[in-house]
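The values are calculated or read from the model by the stated rules, or taken from the named source; none is laboratory data. All values reported here derive from a predicted model rather than from experimental measurement. Counting neighbours? That spans all protein chains shown, and the Cβs are built from the backbone with ideal geometry, glycine included. We work out accessible area using only protein heavy atoms, side chains counted, and drop any ligands, DNA or RNA first. Shrake-Rupley method; radii C 1.70, N 1.55, O 1.52, S 1.80 Å.
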Amino acid sequence: MSLESFTNGFQSNDDRLKEVKAFDATKMGVKGLIDSGVKCIPKIFIRPLDELSEDSKTPCVKLQVPTINLEGIDRKDRYNEIVKEVLDASETWGFFQVVNHGISVELLDEMLQRVRMFHEQNTEVKKEFYTRETLKQVVYNSNYDLYTSRSANWKDTLVVNAYYGHLDPKELPEICRDVMLDYTNHVMKLSDILLELLSVALGLGPDHLREMEFKKGWSLVNHYYPACPAPDLTLGASKHSDSAFLTILLQDQIGGLQVLHENQWVNVQPKPAAFVVNIGDILQMVSNNKLRSVHHRVIANLIGPRISVAFFLRGVLSSEKLYGPIKELLSKESPPVYREFTLSDFYSYFFSRPLNESGFEYFKV
Ligand code: OGA
Ligand code: NI
């Protein structure tokens, strides 16, 4: 069937809202749609024609985001090389993979496995966690922006929010509770190493970024991308940049994550036991544009499910502390690009902004 015959069927806003509401009310997510025997993708998931045709003009090229091997980081010569690699990757790509980070492959596999088990449990059990109240500690739903996006993404998500840095383990779904606690402890330690490397890379003292208290608030975002019968018509995750400070992502071996690099989509090839690290909007702002928060997306796939786990360092959402370009990075040649802001300003703007506007342009001086 041609693309046009799929997408020309006119859907009014009212019809769309009705369908979106009906889908939301099932609390079954995309996984539930598939299980109920749906063979074509419902209209609410189909991308608008202008987006689809724009996409056909954006080439997908065979490049690779840099991979950084942390082995030997304790040796001075290797440490300095790693710092250079981190700087280069963060300036040019905004993305890199890390290997030999010291976290066991068993823990990574167990994490992916348990996230999969959460999403594959009986709907009745999952429904208890289904909510659109994003301030809760545990938020399970499909498409956090279901009511505002132009088209829905082919994925479901379980979010665990530690807005003030701590979690009440009792609230976590039992099926993935233990591994999530273990996993976040390890990823937090890795984030300390990354923050140190980024600080030194920027020419700051090794503790500078760590002392900015971004670790005090974080979210663990556990995605489930079911196999999709029409992967060319929808996306697993629409193009976006991360509103956080830093993202540390674990993905399984299926693939689908793409980074926009020099106006071309580049696949982030899954690597065993690797993390994908990317610079978020806030780090771009405090680094005064030295490091880049880059657009990325996830394509849908005939094969699935694909599991990924994104750990976002966000800082305390309600913090009144002022953030802005780091003074040490400013000079006559490099005046501040952004004004000062609080995280509460940033996130309230971020969650209310028109979706096609990037999270940080608004804070330019
Ligand atoms: C995200 C994201 C990518 C992935 O959660 O912000 O970009 O591979 N995820 O799931
Ligand atoms: Ni992202």
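List the pairs from 43/127; 31/155; 215/239; 57/239 whose alpha-carbon separation is above 19 Å, in the order I gave them. Don't jump to the answer; show the numbers that get you there.
Values: 43/127 24 Å; 31/155 8 Å; 215/239 25 Å; 57/239 15 Å.
Listed pairs above 19 Å: 43/127; 215/239.
Taking only Cα atoms, what is the 0 to 90° angle, nearest 10, from helix 76-92's long axis to the longest principal axis of the chain?
50
Rounding to the nearest 20 debye, state how big the charge dipole of region 49-363 is about its Cα centre with +1 on each Lys and Arg Cβ and -1 on each Asp and Glu Cβ.
On the way: 32 positive and 42 negative charges, 30 e Å.
The calculated dipole for region 49-363 is roughly 140 debye.
What whole-number value in Å² describes the accessible area per residue of the chain for a 1.4 Å probe? Write out the running numbers ahead of the final one.
On the way: 16820 Å² over 365 residues.
Per residue, the chain has an accessible area of 46 Å².
Starting from the eigenvalues of the Cα gyration tensor, five times each then square-rooted, give me the equivalent ellipsoid semi-axes of the chain, largest first, whole Å. Don't skip to the end; give the middle numbers.
Working: eigenvalues 216, 109, 88 Å².
Taking √(5λ) for each eigenvalue gives 33, 23, 21 Å, largest first.
Extension gain residue 253-residue 134, at 0.36 nm per residue separation less the Cα-Cα distance, in nm?
Values: separation 119, 0.36 × 119 = 42.84 nm, distance 2.93 nm.
Stretched fully, the residue 253-residue 134 segment lengthens by 39.9 nm.
Out of the total accessible area of region 49-363 (probe 1.4 Å, heavy atoms of protein only), what percent is carbon and sulfur? Show your work: numbers first, answer last.
Numbers: 6970 of 13730 Å².
Result for region 49-363: 51 percent of the exposed heavy-atom area is carbon or sulfur.
Specify the angular offset, from 0 to 90 degrees and rounded to the nearest 10, of the alpha carbon long axis of helix 105-119 from the longest principal axis of the alpha carbons in the chain.
Around 30 degrees separate the two axes.
Measure off 7 Å from each Cα along the Cα-to-Cβ vector at residue 269 and residue 57, then give the distance between these two points in nanometres to one decimal.
Each label point is offset 7 Å from its Cα along the Cβ direction, giving 3.0 nm.
Which is the longest run of the chain containing none of the chymotrypsin sites (Phe, Trp or Tyr not before Pro) found in DSSP loop states (not H, G, I, E, B) with at most 13 other C-beta atoms within 10 Å?
Numbers: sites that count: 10, 147, 164.
Here the longest run is 165-365.
Please list, or write none, the aspartates and glutamates whose alpha carbon is within less than 16 Å of the alpha carbon of residue 27, excluding same-chain residues fewer than 8 places away.
Counting by Cα, and skipping residues close in sequence, residue 27 has these aspartates and glutamates nearby: 19, 35, 120, 124, 128, 133, 145, 156.
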